[in-house]
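**Student:** Mind looking over this structure? Questions follow.
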Amino acid sequence: DAGVIQSPRHEVTEMGQEVTLRCKPISGHDYLFWYRQTMMRGLELLIYFNNNVPIDDSGMPEDRFSAKMPNASFSTLKIQPSEPRDSAVYFCASRRNRDGEAFFGQGTRLTVV
Amino acid sequence: AQSVTQLDSHVSVSEGTPVLLRCNYSSSYSPSLFWYVQHPNKGLQLLLKYTSAATLVKGINGFEAEFKKSETSFHLTKPSAHMSDAAEYFCVVTTDTGRRALTFGSGTRLQVQP
């Protein structure tokens, strides 16, 4: 398996624009996680899905953030409108079951100017 | 609720000397515990995991960790540091809730001096 695949790897956008981050989990994994990493706040869990259903989105910063998982092989994280404080590295991870390890993608480095 | 505390934000060792990265956790359940490593501008890679089998867990690249329930600790060790070990290390615990999401520690940056 190719692992968790995220796109794009880098995104630079202007404040106010919509940004969509994409993730393809490992086939057969039931869990998908979105994390955000910044120097100030470290790694934060934004939202996670189990069998394509959002389970806990309490980490989503505000209504500007939304995430979907329309099928078992694809998820998106959307920010609309984007703000400079959204600049961070966003990681997607997937996991086969509730006790296993998570496998991380390479991340998307988002810069909002 | 679960939590994980990494006791050192920075650790510096000389090449060839032992490494000790400390982690304490709290959890109402019997947790699963993990150590991940992140090299600069890279994703996170699993080093090792504890899931209620042997308390001494061996991982990749010569790392190991010991689960001590009485001390609620899961410290990461390596007998001899290598320059390539310089990275950020994260201790991770599964959550108490049924779905068992992952809670990350704040990370420990390991420097290896020549």
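The values are calculated or read from the model by the stated rules, or taken from the named source; none is laboratory data. All values derive from a computational prediction rather than experimental measurement. Positions of Cβ are generated from backbone atoms using ideal geometry, with glycine treated the same way; all protein chains shown enter the neighbour counts. Protein only, heavy atoms only, side chains kept; ligands, DNA and RNA dropped before computing areas. Shrake-Rupley method; radii C 1.70, N 1.55, O 1.52, S 1.80 Å.
**Student:** Accessible area, 1.4 Å probe, largest first: how do A:Ile55, A:Ile5, A:Ile47 sort?
**Tutor:** Working: A:Ile55 60, A:Ile5 80, A:Ile47 5 Å².
Of A:Ile55, A:Ile5, A:Ile47, the descending order of accessible area is A:Ile5, A:Ile55, A:Ile47.
**Student:** Another one. May I ask you to give the percent of accessible area on chain B that is carbon plus sulfur, with a probe radius of 1.4 Å?
**Tutor:** On the way: 2680 of 5360 Å².
For chain B, the apolar C and S fraction of the accessible surface comes to 50 percent.
**Student:** Using each residue's phi in the stretch A:58-64, evaluate 6.51 cos²θ - 1.76 cosθ + 1.60 at θ = phi - 60° and report the 3J(HN,Hα) Karplus result to the nearest Hz, with x for Gly and Pro.
**Tutor:** The phi angles translate into 5, x, 5, x, 6, 5, 5 Hz.
**Student:** Still on this model: If you plug each phi of the stretch A:95-111 into the Karplus form 6.51 cos²θ - 1.76 cosθ + 1.60 with θ = phi - 60°, what whole-Hz ³J(HN,Hα) values come out, in order, with x for Gly and Pro?
**Tutor:** My calculation for the stretch A:95-111 gives 8, 6, 8, 6, 10, x, 7, 9, 10, 9, x, 7, x, 10, 8, 9, 10 Hz in order.
**Student:** Distance from the Cα centre of the stretch A:1-64 to that of the stretch B:22-39, in angstrom?
**Tutor:** 22
**Student:** List the residues, sorted by chain then number, that are 5 or more residues from A:Asp30 or on another chain and whose placed amide H is less than 5 Å from its amide H.
**Tutor:** A:Arg95, A:Arg96, A:Asn97
**Student:** Along the three principal axes, how long is the protein assembly as shown when you take its alpha carbons, biggest first, rounded to the nearest angstrom?
**Tutor:** 49, 40, 33
**Student:** Another one. How do A:Ser87, B:Ser106 rank by accessible surface area computed with a 1.4 Å probe, from largest to smallest?
**Tutor:** Output order, biggest surface exposure first: B:Ser106, A:Ser87.
**Student:** With label points built 7 Å along Cα→Cβ from the Cα atoms of B:Ser12 and A:Lys78, find their separation and express it in nm.
**Tutor:** 4.8
**Student:** Once amide H atoms are placed 1.01 Å from N in the peptide plane, what residues at a sequence separation of 5 or more from B:His82, or on another chain, have their amide H within under 5 Å of its amide H?
**Tutor:** Long-range HN contacts for B:His82: B:Gly16.
**Student:** Could you please state how large a percent of the accessible area of chain A is carbon and sulfur, counting protein chains only and using a 1.4 Å probe?
**Tutor:** On the way: 2710 of 5590 Å².
That share works out to 49 percent.
**Student:** Which ³J(HN,Hα) values, rounded to whole Hz and listed in residue order, are derived for the stretch A:6-21 from phi using the Karplus coefficients 6.51, -1.76 and 1.60 in 6.51 cos²θ - 1.76 cosθ + 1.60 with θ = phi - 60°, glycine and proline given as x?
**Tutor:** 10, 8, x, 7, 9, 9, 10, 9, 8, 3, x, 7, 8, 10, 10, 9
**Student:** What residues have an amide H closer than 5 Å to that of A:Ile47, excluding those fewer than 5 places away on the same chain, when H is modeled at 1.01 Å from N in the peptide plane?
**Tutor:** The answer is A:Trp34.
**Student:** Leaving out same-chain residues fewer than 8 places away, which aspartates and glutamates sit with a Cα under 20 Å from that of B:Lys78?
**Tutor:** Within the straight-line limit of under 20 Å, B:Lys78 reaches these aspartates and glutamates: B:Asp8, B:Glu15, B:Glu64, B:Glu66, B:Glu88.
**Student:** About its Cα centre, what dipole magnitude does chain B give when the only charges are +1 on Lys and Arg Cβ and -1 on Asp and Glu Cβ, stated in debye to the nearest 20? Write out the running numbers ahead of the final one.
**Tutor:** On the way: 10 positive and 8 negative charges, 60 e Å.
The dipole magnitude comes to about 300 debye.
**Student:** Using a Gaussian network model of chain B whose springs link C-alpha atoms within less than 10 Å, name the residue from B:Ser70, B:Ser32, B:Ser12 with the highest mean-square fluctuation.
**Tutor:** Comparing B:Ser70, B:Ser32, B:Ser12 in a Gaussian network model of chain B, the most mobile one is B:Ser70.
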